[in-house]
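Shown next, in structure tokens, is the structure this report addresses.
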Amino acid sequence: MKFQRQKVDNDGINLTPLIDVVFLLLIFFMVSTTFTRETHLSVDLPEATGKPSSDTPKLIEILIAADGSYSVNGKVLVNSKPETLRVALEKTAEGDNRLPLAITADAKTPHQFVVAAMDVAGQLGFSRLSITSRQPDPQAP
């Protein structure tokens with residue numbers, strides 16, 4: 001009885017030697033690599049000997065009421081026109097537009113008045129601007 005042999009198709013590339021070489025290279029680089037520890041500079045920092053400064057930076061605060069009336073640093077302005085606000089800011093800042101400027105608006109203030117105050121501050125060159133909102137009093141009707 002004669003058995004027939006099955007023909008084996010070896011159409012693919014044998015990757016075993018390639019994988020062996022890759023692993024040998026990996027092991028070689030892992031063994032031959034040297035690790036260096038980064039050195040840190042030791043710095044002797046000076047200690048402060050003086051008193052902390054009690055001067056608080058001057059802050060310009062614009063308060064905007066619910067009806068749109070402005071007040072600058074507690075002084076109520078005559079009207080709600082941007083020109084009036086501009087004059088009050090120039091007088092309060094005394095030409096120093098690097099001072100921090102805080103715009104505090106009532107929660108019910110229309111955005112028109114807040115944007116107008118921001119626009120005037122931008123035209124005068126104020127760059128340190130912060131915006132806050134004030135919640136209505138819970139006792140108020």
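Please treat every number below as a calculation from the coordinates, not as lab data. Quantities reported herein were computed from a predicted structural model and do not represent experimental measurements. FYI the Cβ positions are ideal-geometry reconstructions off the backbone, even for glycines, and counts take in every protein chain you see.
Under the 0.36 nm per residue contour assumption, what length would be gained going from the current alpha-carbon distance of T39 and K51 to full extension?
Gain on stretching T39 to K51: 0.8 nm.
When only C-alpha pairs under 8 Å and at least 6 residues apart count, what is the relative contact order of the chain, in percent?
20 percent
Give the long-range amide H neighbours of L129: residues separated by 5 or more places, or on another chain, with amide H under 5 Å away, using H modelled in the peptide plane at 1.01 Å from N.
Those qualifying (amide H under 5 Å, at least 5 residues apart or on another chain) are L101.
Which value, in debye to the nearest 20, describes the size of the charge dipole of the chain about its Cα centre when Lys and Arg Cβ atoms bear +1, Asp and Glu Cβ atoms bear -1, and nothing else is charged?
420 debye
Using only Cα atoms and rounding to the nearest 10 degrees, what angle (0 to 90) does helix 82-93 make with the longest principal axis of the chain?
Tilt relative to the chain: about 80 degrees.
Identify, among L15, M30, N79, the residue whose Cα sits farthest towards the positive end of the charge dipole of the chain, taking +1 on the Cβ of Lys and Arg and -1 on the Cβ of Asp and Glu, with the dipole about the Cα centre.
L15
Mind telling me which of L89, L24, L59 comes out most flexible in a GNM of the chain, alpha-carbon contacts under 10 Å?
So, out of L89, L24, L59, the one fluctuating most is L24.
Pulled fully out, how much extra length does the chain show between S69 and E94, if you take 0.36 nm times their separation in residues and subtract their Cα-Cα distance?
6.8 nm
With labels modelled as points extended 7 Å from the Cα through the Cβ direction, what inter-label distance (nm, one decimal) is found for L26 paired with H111?
5.8 nm
Would you order M30, M118 from fewest to most other beta-carbon atoms within 10 Å of each residue's own beta-carbon?
The order, fewest Cβ neighbours first, is M30, M118.
Just to be sure I follow the rule: in the chain, considering lysines 8 or more places apart or on different chains, how many pairs have Cα atoms under 20 Å apart?
5
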